[in-house]
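Okay, so here's the structure we're looking at.
The values are calculated or read from the model by the stated rules, or taken from the named source; none is laboratory data. Keep in mind that this is a model prediction, so the values were computed, not measured. Here Cβ is always computed from backbone atoms with ideal geometry, including for glycine, and neighbour counts include all displayed protein chains.
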Amino acid sequence: PFRRAERLAGIEISEIVQLSERAAELRRAGQDVVALTTGEPDFPTPPHVVAAAHAAAEAGQTRYPPTAGTPELRAAIARQAGAEAAEVLVSTGAKQVLANAMLATLDPGDEVLIPAPFWTSYGDIVALAGGRPVRLPCPAADGFKLRPEALAAAITPRTRWLMLNSPSNPTGAVYGPGELAALAAVLADHPQVWVLSDEIYSHLAYVPAPSLRDAAPGLAERTLVVDGVSKAFAMTGWRLGWGIGPRALIGAMAAVQGQVTSGACSISQAAALAALTGPQELLADRRAAFRARRDRVCAALAAIPGISCVPPDGAFYAFPDVTGLILGGGFADDAALCRWLLDEVGLALVPGRAFGMPGHVRLSFAYAEREIDDALDRLATAAARLA
Ligand code: PLP
């Protein structure tokens, strides 16, 4: 009989994927469903990027790429970040950068500090690599951000990494330079702790969002910045991301990658090079569009009794507190509320528990305004029924 490896214990398909699939299923069955579940820009990959991919394929860039990435793309990433090419590893999405880093560094029982709410995959990737994810609750009252005292209290001799994600999925929280410096000051006393700074939403910040490399240069020797083209250039399907960090770490991660994928798709690398070196105005245009949607969502949420929301400073998610609706409807938890919303008003949202913070829901505004308005109308109708 089939037997799963022990390392897969507790690791399932993410609740986000499950919900999106259930919404699609209901739609196929003819039901009127609107879903704000996916974290994927609703605009297409820019045409000049697609053209560069065509050209690369035509020009025969169809052979195994170098494991760590093409020299051109590594150089372009390094230039942008003020790093050396040898400090850059190109991978199959930002997700593989995270997996490479954890597989390359964690021994059984090593601890990774993960501020909650967090992107759903962080804990599972750590667990898959044999580490122990340690959740640090960061409530709305703290703007969903890790406080230096909480960081200091959580560090043990087994702590290997702190994971930061600014702008954050799911809260949109952005750490300012002072906040990053305060966390860095705590880490100065704990040289065994490295920092993984996931900056994949840095192009979508509505307030200044410094990179950890700039805000905490003293940590450079133990910082891994994770970034990619998925969100900024609407290239989620191309599976292309990168890590920037010290050479020894990058080398270890490349060793993992060499045995897992042999390196990222050559065509996608050519496309990413065109994205990074081509016109950048589209980033500002998209940011303005997302900011307008953010304002629209926040205004609508503020008008719904039983819901309160910390306005997101970046990314394309809102993470409102819905305890009022959970209590009003007598639901067991946020997941039960989300099931009810889907069945009763045809609205798919992701429960906060998927991000390590129950009592909330995540609502993605990477959708057309028409869909966002429809979803918020449904939420208001639901709230009125639950009051
Ligand atoms: N990091 C965060 C915080 C994300 O939200 C996502 C995607 O949802 C990723 C990383 C994964 O990015 P990629 O598609 O490049 O693997």
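Hey, among 234, 182, which residue is more than 13 Å from the ligand (Cβ to nearest atom), touching a residue at least 12 places away in the same chain (Cβ under 8 Å), touching a Pro at 6+ places or on another chain (Cβ under 7 Å) and assigned by TED's automatic domain parsing to the domain that holds residue 68?
Numbers: 234 fails: more than 13 Å from the ligand (Cβ to nearest atom).
Answer to the selection: 182.
Whether any residue in the range 115-123 is of a type in the set (A, V, I, L, M, F, W, C), away from the ligand (no atom under 12 Å from the Cβ), within 26 Å of residue 233 (Cα to Cα) and not in a helix (DSSP H, G or I) is what I want to check.
Checking the range 115-123: not a single residue is of a type in the set (A, V, I, L, M, F, W, C), away from the ligand (no atom under 12 Å from the Cβ), within 26 Å of residue 233 (Cα to Cα) and not in a helix (DSSP H, G or I).
Taking residue 312, is it under 20 Å from the mean Cα position of the chain (by Cα), more than 16 Å from the ligand (Cβ to nearest atom) and buried (at least 21 other Cβ atoms within 10 Å of the Cβ)?
It is false that residue 312 is under 20 Å from the mean Cα position of the chain (by Cα), more than 16 Å from the ligand (Cβ to nearest atom) and buried (at least 21 other Cβ atoms within 10 Å of the Cβ).
Among (1) in a helix (DSSP H, G or I); (2) out of contact with any helix residue (DSSP H, G or I) (no Cβ under 7 Å at 6 or more places or on another chain); (3) surrounded by 22 or more Cβ atoms within 10 Å (Cβ to Cβ), which single condition is residue 258 missing?
The number of the failed condition is (3).
Applying the selection to the range 3-19, what residues are closer than 19 Å to residue 358 by Cβ, free of Cβ contacts under 8 Å to residues at least 40 places away in the same chain and part of a loop (DSSP other than H, G, I, E, B)?
Of everything in the range 3-19, just one residue is closer than 19 Å to residue 358 by Cβ, free of Cβ contacts under 8 Å to residues at least 40 places away in the same chain and part of a loop (DSSP other than H, G, I, E, B), namely 12.
Working only within the range 86-135, note down all residues that are charged (D, E, K, R) and either touching a Ser or Thr at 6+ places or on another chain (Cβ under 7 Å) or under 20 Å from residue 225 (Cβ atoms) (or both).
Of everything in the range 86-135, those that are charged (D, E, K, R) and either touching a Ser or Thr at 6+ places or on another chain (Cβ under 7 Å) or under 20 Å from residue 225 (Cβ atoms) (or both) turn out to be 87, 95, 111.
Can you say whether residue 207 is touching an Asp or Glu at 6+ places or on another chain (Cβ under 8 Å) and within 13 Å of the ligand (Cβ to nearest atom), as far as the supplied structure shows? Working first, answer last.
Numbers: touching an Asp or Glu at 6+ places or on another chain (Cβ under 8 Å): yes; within 13 Å of the ligand (Cβ to nearest atom): no.
Criteria not met by residue 207.
Would you list the helices (runs of 4 or more DSSP H) that sit entirely within the range 31-107 and hold 1 or more residues that are acidic (Asp, Glu) and in contact (Cβ under 8 Å) with a residue 60 or more places away in the chain?
Because the criterion is at least 1 residues that are acidic (Asp, Glu) and in contact (Cβ under 8 Å) with a residue 60 or more places away in the chain, the helices (runs of 4 or more DSSP H) in the range 31-107 that meet it are 71-81.
State the number of residues belonging to the range 67-101 that are closer than 19 Å to residue 267 by Cα, aliphatic (A, V, I, L, M) and away from the ligand (no atom under 12 Å from the Cβ).
Residues meeting the conditions: 7.
Could we say that residue 131 is out of contact with any strand residue (DSSP E or B) (no Cβ under 8 Å at 6 or more places or on another chain) and more than 13 Å from the ligand (Cβ to nearest atom) here?
It is false that residue 131 is out of contact with any strand residue (DSSP E or B) (no Cβ under 8 Å at 6 or more places or on another chain) and more than 13 Å from the ligand (Cβ to nearest atom).
If I ask for residues that are buried (at least 18 other Cβ atoms within 10 Å of the Cβ) and in contact (Cβ under 8 Å) with a residue 60 or more places away in the chain, which ones from the range 114-127 would you list?
114, 116, 117, 118, 119, 120, 123, 127
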